[in-house]
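Everything on this sheet refers to the single structure shown next.
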Amino acid sequence: MIKKMLLEKVLLKALSNGADFAEVFVEDTFESKIQLLDRKIKNSIEGNDFGAGIRVFYGTKAIYAFTNNLSEKSLLAAADAVSKADAGKNEILKIDLMSEKVISPHKIKIPFDEISKSEKIDFMRKIDNSARRYSELISQVNVNYLEKVQKVQIANSEGVFKSDERIYARIAAYSIASKNGEMQTGGDGPGAFKGYEFFKSINPQKLGEKVAEQAKKMLLADYAPSGKFPVIIGNGFGGVIFHEACGHSLETTGVAKGASVFADKMNKQIANKCVTAIDDGTVPNLWGSTTIDDEGNPTQRTILIKNGILKSFMIDKLGGKKIGMESTGSGRRQSYKFAPTSRMRNTYIAPGNDKFEDMIASIDFGIYAKKMGGGSVLPGTGDFNFAISEGYLIKNGKITKPVRGATLIGNGAKILHKISMVSTDLKYSEGMCGSVSGAVPACVGQPSIKVDEIIVGGRKEK
Amino acid sequence: MFDKEFEQIFDIAKKKNIQKFDVFLTQENSFSVKSFRQKVESFKYADSIGLGIRVVIGNSAGYAYTEKLDKQSLETTMVKAKENAEYIETDDIIEFENYPDIEKKLEIFHPEIEKVNVKEKIEKVKLMEKSAHNFDKKVVNVPYNSIGNDKMFTKIANSKGLQKEYVGNAAYGYAMCLAQGGKETKSGYFYKISDDFSKINSKEIGEESAKKALELLGAQEIKSGKYPVIFNNEMGADILSTFSNIFSAKAVQDGLSLLKGKLKSKIANDIVSISDDALLKNGFSTRPFDDEGYPSQTTEIISNGTLQSYLHNSITAKKDKTKSTGNAGRSYKSTVTISPSNFFIKNGTSSEKDLYKFYPKCVEIVSLSGLHSGCNSISGDFSIGAEGFYYENGERKYPVHNFTISGNFFQLLQNIIAIGNNLKFNMNSIGSPSILIKTMDISG
């Protein structure tokens, strides 16, 4: 990584035209990916990402440059470029970086390089075999293995100087069921802030069966009805509704620009009383957890909504400066190629008191969206859209047959008021969240929830 | 450029007795500036290099990449690529070749773009934001806008003696604004990419984005049912983009595309032709060769409704006993895959007006949400949120929102009943004119 003296020099150079703040982020990342498709190891690729990003603030204006030539000459040239993008009055002549040891609560037991590649591949094959054994309808299985070790160094003109190591393990499996020219998919992608012990904790047979079962069920399913109905959104990945429709609008990225429906709603009722939502970076070894954020701030457990009332945004340094609030340790970025901005960590709706059975029993005609697909939200308006990847019809208070091809569409701010029941079965689900500062590991999560009315786009009239 | 590093890699290969390999390097230099409330909000400069090595042992290709270009890192990368190759099981046949150059001279690097100074770009982005605001009082915010330029240098070499490089650049501008009417907020987005900064007209981009948001105000709900639907040119391109992978020979061979076995058969209505043209004048993906060094060409994918070709790289072509179409795609971090170049539905003969009055009633779609989640590229099924306009007898009646359109892409190709002559490319260089679909399910 880079020596303290050079970092101090680079920071001073970046401030030389009177900037208010300067920061250097250095990254050295090792990543390895293996893909098993068609019963064969199709890809095995590993590599090293290495570079630095330099950022300065002039007021609330941010200037960012990155380079992966980390020679003194090149770093100083990049620092010079950012400093000259504007001019300010600030005069800083000396920076003393205070090296601070970061103690991570996320313990790692088995480093990836202690395990042979053959063992990793054997684990993948077990998932593949199990999915194929589950049903003759399974025509394809795709298993993807990921390990990643990201070492970072963060230094800024306020004297912060910290190093951190983030370790990620993930296994994603997809299966395709096909019959008479039609195909449907099932998938799951668990992951953690852990070493190889994570893969040892996963039962490959069960994972294979799970993704095969989902694909088979959806292949044999009828098309979903369309219209406005009550919907039960299942636990775990169902939390994507909150993540997409509300979570992004609670990041300062949107709030500071007034491009969020929640911008002026602090301490106001924005959701039904049964809704409490939390963004938590402190859960040990959870996929979206952090120790410090990418600006060097310690991570937090941030209560966003308490009993329906908006309590906090997710705040990074620059966003905090713009809206006059303290950082919540939410400054994140995919890599040195991105300037950090406020991002989610593990964002979930807290468990409530309702029983799942009571929730189903309360519906005459509706949908149980057991598993959601991905989604997107239009920033500014909060309009969202996401797919149901495993759905069931509810009739007269009972779950009946599986249905497919449905989409939920609505508006984040409005839907929060329509959540009327929250169950006890909180579960997290791992994913990659994409935004202006790239794709970062994040968990969505929730217990099963009931939304009284939402537009379901399907292929059939009710 | 990077001759020294490439020489070192060839030396390392020799020393380690690695005989079959290729090297792929890109260097990207980019700049962008954003404005918010007439102040510069952010600046970004980027300078990044990455190098990927593929080593082939027997039929198996292993990959590794690095962003450090010192000799030690290059050696580690070479060794890792070789190790990875040892685990790969494949019946692919990879043969490197020293492919010839194309004859045509492409104009893909425009030195003038690099000469425009930062100050001019700042003026441009501010004017763009201002033009959106000034267009109408209802425009309340222009939260996302940018002016920028990108330069990309690509160099490829392989153990058969191929060594080629090219550099391309482009300038762009985009604005996304929010318009408010009563309690309703609508957004509008407009962009332009060009080989010339002077063609990035700030006023036009700002005003067009404003117009697009304003037009959608006062939207009504629409009754569920079956309607003829027009995808305007931008949405046509986005939907084609979402499903473009079905044309990849790799997807076909892997059993991930329903176009398997459909070559030379009718898969779309007679009026539909789709082309992939890496030589297109002013195309954003125009290039002299693909990411294996294979010379660029123009490929007819669908001619008058009949599927003529898949998109091939040299590996899928060998498997199908045909020739590559020059569609190898790769980044230094990825394996060689297939990607379209300038990929588009060809212009038809109808004016936009003709499309609106084709049926007594129809819905025009101008915005789609949830494309990446609501579309299943394998089954072709889609169900996505949409906004647009309702037409009667060729006349725009009112904007419509809060509905989903659902259908199947393979059926959609058969149901294209008329095609406009307003071809436009999106930022991923996938293009379409406005297209009229006989019938689609709408649920509101």
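A few comments on the model shown:
- Single match in B:S194, B:S209 (criterion: farther than 30 Å from B:L279 by Cα and touching a Gly at 6+ places or on another chain (Cβ under 9 Å)): B:S209
- Residue identified as within 27 Å of the chain's Cα centre (by Cα) and at pLDDT 95 or above among B:F109, B:F135: B:F109
- Of the candidates B:G161, B:G168, B:G225, the single residue that is over 29 Å from the mean Cα position of the chain (by Cα) and under 26 Å from B:I102 (Cβ atoms) is B:G161.
- Filter result (of a type in the set (V, I, T) and more than 26 Å from the chain's Cα centre (by Cα)) within the stretch B:92-106: B:I93, B:I94
- Considering residues of the stretch B:218-246 that are within 12 Å of chain A (Cβ to nearest Cβ) and among the aliphatic types (A, V, I, L, M) only, the residue surrounded by the most Cβ atoms within 10 Å (Cβ to Cβ): B:I246
- Some residue of the stretch B:96-103 being of a type in the set (D, E, K, R), under 15 Å from A:I45 (Cβ atoms) and either away from chain A (no Cβ under 14 Å) or assigned to a loop (DSSP other than H, G, I, E, B) (or both): no
- Boolean, B:G394 is more than 14 Å from chain A (Cβ to nearest Cβ) and on the phi > 0 side of the Ramachandran plot: yes
- Condition check for A:V451: farther than 13 Å from A:P230 by Cβ and either under 25 Å from the mean Cα position of the chain (by Cα) or not β-branched (V, I, T) (or both): no
- Boolean, B:T404 is assigned to a strand (DSSP E or B), over 30 Å from A:S32 (Cα atoms), polar (S, T, N, Q) and touching a Pro at 6+ places or on another chain (Cβ under 8 Å): no
- Residue in the stretch A:102-115 that is small (G, A, S), under 23 Å from the mean Cα position of the chain (by Cα) and within 21 Å of A:D293 (Cα to Cα) present: yes
- Among the candidates B:E83, B:E89, residue that is over 27 Å from the mean Cα position of the chain (by Cα), free of Cβ contacts under 8 Å to residues at least 40 places away in the same chain and either assigned to a loop (DSSP other than H, G, I, E, B) or in the same structural domain as B:N313 (by TED's automatic domain parsing) (or both): B:E89
- Number of positions in the stretch B:247-271 that are of a type in the set (V, I, T) and surrounded by 22 or more Cβ atoms within 10 Å (Cβ to Cβ): 1
- Filtered residues of the stretch B:158-208 (kept if among the basic types (K, R), surrounded by fewer than 23 Cβ atoms within 10 Å (Cβ to Cβ) and part of a strand (DSSP E or B)): B:K164, B:K192
- Only listed residue being crowded, with 21+ Cβ neighbours inside 10 Å, acidic (D, E) and over 24 Å from the mean Cα position of the chain (by Cα), chosen from B:E123, B:E129: B:E129
- Residues of the stretch A:159-176 satisfying the condition of being among the small types (G, A, S) and in a strand (DSSP E or B): A:S163, A:A169, A:A172, A:A173, A:S175
Every residue, every condition in (1) within 13 Å of chain B (Cβ to nearest Cβ); (2) buried (at least 24 other Cβ atoms within 10 Å of the Cβ); (3) under 27 Å from A:S175 (Cα atoms), yes or no:
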position	(1), (2), (3)
A:L220	no, no, yes
A:P230	no, no, no
A:G234	no, yes, yes
A:F237	yes, yes, yes
A:A271	no, yes, no
A:C274	no, no, no
A:I278	no, no, no
A:W287	no, yes, yes
A:T290	no, yes, no
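- Residue match in the stretch A:244-253 (condition: of a type outside the set (G, A, S), more than 28 Å from A:E23 (Cβ to Cβ), buried (at least 23 other Cβ atoms within 10 Å of the Cβ) and within 14 Å of chain B (Cβ to nearest Cβ)): yes
- Among the numbered conditions (1) in a loop (DSSP other than H, G, I, E, B); (2) within 14 Å of chain A (Cβ to nearest Cβ), the only one that B:M427 does not meet is (2).
- Residue tally, condition within 25 Å of the chain's Cα centre (by Cα), facing chain A (nearest Cβ under 7 Å) and closer than 20 Å to A:A81 by Cβ, over the stretch B:31-66: 7
- Against the list (1) in a helix (DSSP H, G or I); (2) within 14 Å of chain A (Cβ to nearest Cβ), the condition B:Y332 fails is (1).
- Taking the criterion of being farther than 30 Å from A:R55 by Cα and either more than 12 Å from chain B (Cβ to nearest Cβ) or free of Cβ contacts under 8 Å to residues at least 12 places away in the same chain (or both), the residues of the stretch A:77-120 that qualify are A:K107, A:I108, A:K109, A:I110, A:P111, A:F112, A:D113, A:E114, A:I115, A:S116, A:S118, A:E119.
- Strands (runs of 3 or more DSSP E) contained in the stretch A:10-70 and holding at least 3 residues within 29 Å of B:T90 (Cα to Cα) and facing chain B (nearest Cβ under 7 Å): A:40-58
- Residues of the stretch A:171-183 that are over 15 Å from A:E209 (Cα atoms) and either among the acidic types (D, E) or facing another protein chain (nearest Cβ under 7 Å) (or both): A:G181, A:E182, A:M183.
- Lone qualifier among A:S118, A:S99 - being in a strand (DSSP E or B), more than 27 Å from the chain's Cα centre (by Cα) and surrounded by fewer than 12 Cβ atoms within 10 Å (Cβ to Cβ): A:S99
- Candidates in the stretch A:362-392 are the residues that are under 19 Å from A:K228 (Cα atoms) and of a type in the set (A, V, I, L, M); of these, the one that is farthest from the chain's Cα centre (by Cα) is A:I363.
- Of the strands (runs of 3 or more DSSP E) lying entirely inside the stretch A:370-432, not one contains at least 3 residues that are farther than 20 Å from B:G444 by Cα and within 7 Å of another protein chain (Cβ to nearest Cβ).
- Considering B:K199, B:K203, the condition of being under 22 Å from the mean Cα position of the chain (by Cα) and of a type in the set (D, E, K, R) is satisfied by B:K199 alone.
- Qualifying position, being free of Cβ contacts under 8 Å to residues at least 60 places away in the same chain and in contact with a strand residue (DSSP E or B) (Cβ under 8 Å, 6 or more places away or on another chain), among A:A131, A:A172: A:A172
- Identity of the residue in the stretch B:338-352, at pLDDT 95 or above and not in a loop (DSSP other than H, G, I, E, B), that ends up farthest from the chain's Cα centre (by Cα): B:S350
The values are calculated or read from the model by the stated rules, or taken from the named source; none is laboratory data. Remember, predicted model here, so these are calculated numbers, not experimental data. No Cβ is skipped: glycine too gets one built from the backbone with ideal geometry, and neighbour counts run over all protein chains shown.
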